[in-house]
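Below you'll find the structure, written out as structure tokens, and then a few comments.
The values are calculated or read from the model by the stated rules, or taken from the named source; none is laboratory data. The shown structure was predicted, so the numbers you read here are calculated from the model rather than taken from an experiment. For neighbour counting, all protein chains shown are included, and Cβ atoms are generated from backbone atoms with ideal geometry for every residue, glycine included.
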Amino acid sequence: MGAGLRIRSKDGGLALIESSIFEEEGFIAAFTTRMGGWSPRPFDGLNMGFGVPDDPANVRMNRTAALKALGLDPSAAAAMRQVHGDRIVEVTEALKGCGGLEYGKSFPSTDGMYTAIAGVALISTFADCVPVVVADRAARKIGLAHAGWRGTVLDVAVKLALRMGFDKGRAGDFMAAIGPCVGPCCYEVGDDVALALAGAGGAAALTAEGGKSRADLGLMNELRLIGLGFAPDRIERYEGCTSCEEGLFFSHRRDRGRTGRSAAIAAIAV
Ligand SMILES: [Zn+2]
């Protein structure tokens, strides 16, 4: 684990969680909270997801505010429609701006994106699933993946790192930030999910007590990246829980589906 992810207050009442190791290398890896924004209940306030029944105009305003707070151009942002799969898209010049402010233009059936273009924000949305941001400081690339339990079993974060050119020989060039997700405190899983996670190398992220299994998906993603060859001190992971921290995060489980989405925002700083 690195120095840790820090929460920072921004203009307009926003509070964003940012990675210091990414910032030191000229990258942005940020995770939004629900603080600030224009969305009404139950999406209050900074709902970043178009896929929930909030007014899309609110989402556009919320995304614009968060991107501007990070010094990023909202019109260049790209986003994806996630399906708990492992399809990964490279955001090239031709694709920048797709889906950042318009849901219909986001990449369909995609759970990972990366880019080598500075200033292009990649946006992924979450309400308990694990956001994983990866960067390569030598090749100047950044990417992000959306890993719920299915994506974690599919090893989408590892696949993203490999697509970006991860090489054990220069592991020191790579870093990762694992954002807020549901913690093991609030993530009880059935036998099918526990077995799938254990089968995918996640036994160390599972605990069993009184016949119930709990999973720590954030930890499992961290261990998978370390298994690939990432240096533990080049990975930062948020240690809280989206379900426990109601004032900060949306939680699909806690709110029984009626809630908003936080975002992971990744970019090469301009
Ligand atoms: Zn919890």
Exercise. Quick check: anything in the range 113-127 closer than 17 Å to LEU225 by Cα and assigned to a loop (DSSP other than H, G, I, E, B)?
Worked result: no
Problem set entry | Output for the range 37-53, where each listed residue is surrounded by 24 or more Cβ atoms within 10 Å (Cβ to Cβ), in contact (Cβ under 8 Å) with a residue 60 or more places away in the chain and not polar (S, T, N, Q) | PHE43, LEU46, MET48, GLY49
For this session: Give the residue that is surrounded by the most Cβ atoms within 10 Å (Cβ to Cβ), with candidates limited to residues of the range 207-231 that are free of Cβ contacts under 8 Å to residues at least 24 places away in the same chain and away from the ligand (no atom under 16 Å from the Cβ).
Result: LEU223
Exercise. Is there a residue being more than 16 Å from the ligand (Cβ to nearest atom) and of a type outside the set (Asp, Glu) anywhere in the range 240-255?
Worked result: no
For this session: Could you tell me which residue of the range 185-205 is nearest to GLY172 (Cα to Cα), considering only residues that are in contact with a Leu (Cβ under 7 Å, 6 or more places away or on another chain) and away from the ligand (no atom under 16 Å from the Cβ)?
Result: ALA204
For this session: Scan the range 140-152 and give yes if some residue there is modelled with pLDDT of 95 or more and surrounded by fewer than 20 Cβ atoms within 10 Å (Cβ to Cβ), otherwise no.
Result: yes
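Here's the yes/no breakdown for (1) acidic (Asp, Glu); (2) part of a loop (DSSP other than H, G, I, E, B):
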{"position": "ARG8", "(1), (2)": "no, no"}
{"position": "GLU18", "(1), (2)": "yes, no"}
{"position": "GLY36", "(1), (2)": "no, yes"}
{"position": "PRO40", "(1), (2)": "no, yes"}
{"position": "GLY49", "(1), (2)": "no, yes"}
{"position": "ALA65", "(1), (2)": "no, no"}
{"position": "LEU72", "(1), (2)": "no, yes"}
Seminar exercise, completed: Inside the range 232-255, the number of residues satisfying the requirement of being under 20 Å from ALA29 (Cβ atoms) and either surrounded by 15 or more Cβ atoms within 10 Å (Cβ to Cβ) or among the β-branched types (Val, Ile, Thr) (or both) is 12
Problem set entry | Selection from the range 155-206 of residues that are crowded, with 21+ Cβ neighbours inside 10 Å, in a helix (DSSP H, G or I) and either under 17 Å from the mean Cα position of the chain (by Cα) or basic (Lys, Arg) (or both) | VAL156, ALA157, VAL158, LEU160, ALA161
Exercise. When only residues in the range 256-266 that are away from the ligand (no atom under 16 Å from the Cβ) and surrounded by fewer than 21 Cβ atoms within 10 Å (Cβ to Cβ) count, which is farthest from PRO40 (Cα to Cα)?
Worked result: GLY257
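Name every residue in the range 14-36 that is within 12 Å of LEU46 (Cα to Cα), of a type in the set (Gly, Ala, Ser) and crowded, with 19+ Cβ neighbours inside 10 Å, in order of residue number.
Filtering the range 14-36 down to residues within 12 Å of LEU46 (Cα to Cα) leaves 14-16, 31-36.
Among the residues that remain, those that are also of a type in the set (Gly, Ala, Ser) are: 15, 36.
Answer for the range 14-36, where residues must be within 12 Å of LEU46 (Cα to Cα), of a type in the set (Gly, Ala, Ser) and crowded, with 19+ Cβ neighbours inside 10 Å: just GLY36.
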